[in-house]
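Chemist: Submitted below is the structure of interest, expressed as structure tokens.
The values are calculated or read from the model by the stated rules, or taken from the named source; none is laboratory data. Remember, it's a predicted structure, so these values are computed and weren't measured experimentally. FYI the Cβ positions are ideal-geometry reconstructions off the backbone, even for glycines, and counts take in every protein chain you see. Please note that ligands, DNA and RNA were not included when accessible areas were found on the heavy atoms of the full protein model with its side chains. Shrake-Rupley method; radii C 1.70, N 1.55, O 1.52, S 1.80 Å.
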Amino acid sequence: MAGRPLDWSRTRPRVRALARLLSVHAGRPVHREELMAALWPESPAHTAGRGLQVAVSAVRTVLEPGTGRGRAQVLVRSGEAYMLVLAPGASCDVQAFEAAAGEGLRAAARGEADRAAGALGRALRLYTGELLPEDGPAEWVVPIREQYRNQAVRAAHALAEVELGRNRAAAAVAAAAHALSLDPFQDAVWRLLIAAHRQAGDPVAARHAERRHAQMLHTLGVV
């Protein structure tokens, strides 16, 4: 199965949702009650529990076809939790993003500009858009999606600060603009963008950013 895409075409939507939810938390156990609440929010506990058992079995059939009962090595149960186990050398883009963003933010706090810029830039390249767009506004994915979007905004904001401090105005503009594309209601980032345009010697762009910043504040009722 290594290196080949998995065929989920014959599985039900809730089975695919379970696989995606566990994938987001790959390498970390997710309690069965959390899974039941996420995927069967309106069902009685016994119905949700049975549905989870059936869905887990279906996911295992796709991940490890032919594996006997109790011999699963990819989707394993630990007590009252389930976990997707990453094989040695395997990677998870969500975890890679978290690691890079965390490394970059810590480096920025220590004043290690080069290391911070490299890690934060790597994190933003890994963040390619909203998490699991195919799940739409499903209740279970919205808070997770918001968590990673906020983390990407913080990473872009920090990168803009680092680049401005390194007198790399164009890079600071790009990072601040990235942050604002994810969340346009970031006052500090707007101010940073304006400062970056000024440092770049572009007063026209700075004034344009000032007008857009003022519009944002007006929308919020601040001015």
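Chemist: Beyond 21 Å, what share of the Cα-Cα pairs of the range 71-223 remains, rounded to the nearest whole percent?
Modeler: On the way: 6355 of 11628 pairs.
Cα-Cα pairs in the range 71-223 separated by more than 21 Å: 55 percent.
Chemist: Right, here's the next one. Once fully extended, how much extra length lies between Arg110 and Ala214, figured as 0.36 nm per residue of separation less the alpha-carbon to alpha-carbon distance? Each step should come with its number before you reach the end.
Modeler: Numbers: separation 104, 0.36 × 104 = 37.44 nm, distance 3.28 nm.
This chain segment gains 34.2 nm when fully extended.
Chemist: Oh, and also: Leaving out ligands, DNA and RNA, and with a 1.4 Å probe, what % of the accessible surface on the chain is carbon or sulfur?
Modeler: Details: 6630 of 12640 Å².
Carbon and sulfur: 52 percent of the exposed surface of the chain.
Chemist: Here is a follow-up. Quick one: what are the phi-derived ³J(HN,Hα) couplings along the range 103-115, Karplus 6.51/-1.76/1.60 with θ = phi - 60°, whole Hz, x for glycine and proline?
Modeler: 4, x, 5, 5, 5, 4, 5, 8, x, 8, 4, 5, 5
Chemist: Something else about it: Can you tally the net charge around Val74? Count Lys and Arg as +1, Asp and Glu as -1, for every other residue whose Cβ sits under 13 Å from the Cβ of Val74.
Modeler: Working: positive: Arg60, Arg71, Arg77; negative: Glu64.
Its environment carries a net charge of +2.
Chemist: Counting heavy atoms of the protein chains only and a 1.4 Å probe, report the per residue accessible area for the range 27-184 as a whole number of Å². Show your work: numbers first, answer last.
Modeler: Details: 8420 Å² over 158 residues.
Heavy-atom SASA per residue in the range 27-184 reads 53 Å².
Chemist: What does the charge dipole of the range 1-124 about its Cα centre add up to, to the nearest 20 debye, if the Cβ of each Lys and Arg holds +1 and the Cβ of each Asp and Glu holds -1? If you can, show how the numbers build up before the last one.
Modeler: On the way: 17 positive and 11 negative charges, 95 e Å.
Dipole of the range 1-124, to the nearest 20 debye: 460 debye.
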